[in-house]
Structures are given as C-alpha cells and as structure tokens.
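A quick write-up on the structure given underneath.
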Amino acid sequence: MQKSASDQIAELGKTHQHAIQDLRQTMEQKSVEAEEAHDQHLRKMRDEADTELTEMQQRHKEALNRHRRDAATELESLKAIHAQQTRESEVKLAVEVAQLKQRHEAQTLELQQAAETKLAT
C-alpha cells in the first residue's frame, strides 16, 4: 500500500523535526564539551603558571640569599681592612707623637741650656 503525499509530507516533517532536535542536542553536547575542555585547559594553564611562579619565587629567594651571603662576606672583609688600617694609623700616630715629644724635650733642653748659659754670663 502506498502512502499518500500528505502522509509522506507529514512523515518527512516528523523526520525533519527529529533531525533538528538531534542536531540541537548534538550542538548542546558539543558546546558543553567545548566549555569543559576550555575550563580544563584554563585550569591546566593556571596550574602551570602557579608552578612556574613558585619556581621563580624559589630561584629569587635563593638569589637573595646568595646576595646576602656575599654582602655579609664583603662586609666582614671591609671590617677587617678597616681594623687593619686603624691599627696602622694608630701605630703611625704613636710614632709621630713619640717623635714630637722627643723634639719638644730636645728643644726644651736646648732652651734651658741657652737660658742657663745666658744667666751664667
């Protein structure tokens, strides 16, 4: 038995509606899958960025510690140089003071002798 044209049209309409409904469902599913994939990609990128940031912070911390150690070593070296220079300066000053005292005593003695000579004459 053959179907009438209107039955065929109605059947084609139903088939068309089912195809549209299937396509909508497929599109919605694909949209949800794409959103999930995008969210997963963003989480992965965020995790990678967090890991990289943590590694950079660790490297930065290590570099700061190296700089602190280097600065502390340099400071100790400068303190030692300063102490040595201070000792050398103190020795030079002590020598100069001793020489000045000797000259002063010699000049004082000369003046006393000259005064005594002058008084004796």
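Numbers below:
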read-out: Pairs where the first residue, in the range 48-76, is on the phi > 0 side of the Ramachandran plot and hydrophobic (A, V, I, L, M, F, W, C) and the second is assigned to a helix (DSSP H, G or I) and open to solvent by 100 Å² or more (accessible area, probe 1.4 Å), C-beta under 7 Å, 6+ apart; value: none
read-out: Matching residues, the range 16-63, being under 47 Å from the mean Cα position of the chain (by Cα) and hydrophobic (A, V, I, L, M, F, W, C); value: V32, A34, A37, L42, M45, A49, L53, M56, A63
read-out: Candidates T51, T117, filtered to the one that is assigned to a helix (DSSP H, G or I) and surrounded by 10 or more Cβ atoms within 10 Å (Cβ to Cβ); value: T51
read-out: E28 vs. criteria open to solvent by 100 Å² or more (accessible area, probe 1.4 Å) and either in contact with an Asp or Glu (Cβ under 9 Å, 6 or more places away or on another chain) or in a helix (DSSP H, G or I) (or both); value: yes
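The values are calculated or read from the model by the stated rules, or taken from the named source; none is laboratory data. Model, not experiment: these values are computed from the prediction. In this analysis, Cβ positions are derived from the backbone assuming ideal geometry, glycine residues included, and neighbour counts consider all displayed protein chains. Calculation scope for accessible area: heavy atoms of the full protein, side chains included, ligands and nucleic acids excluded. Shrake-Rupley method; radii C 1.70, N 1.55, O 1.52, S 1.80 Å.
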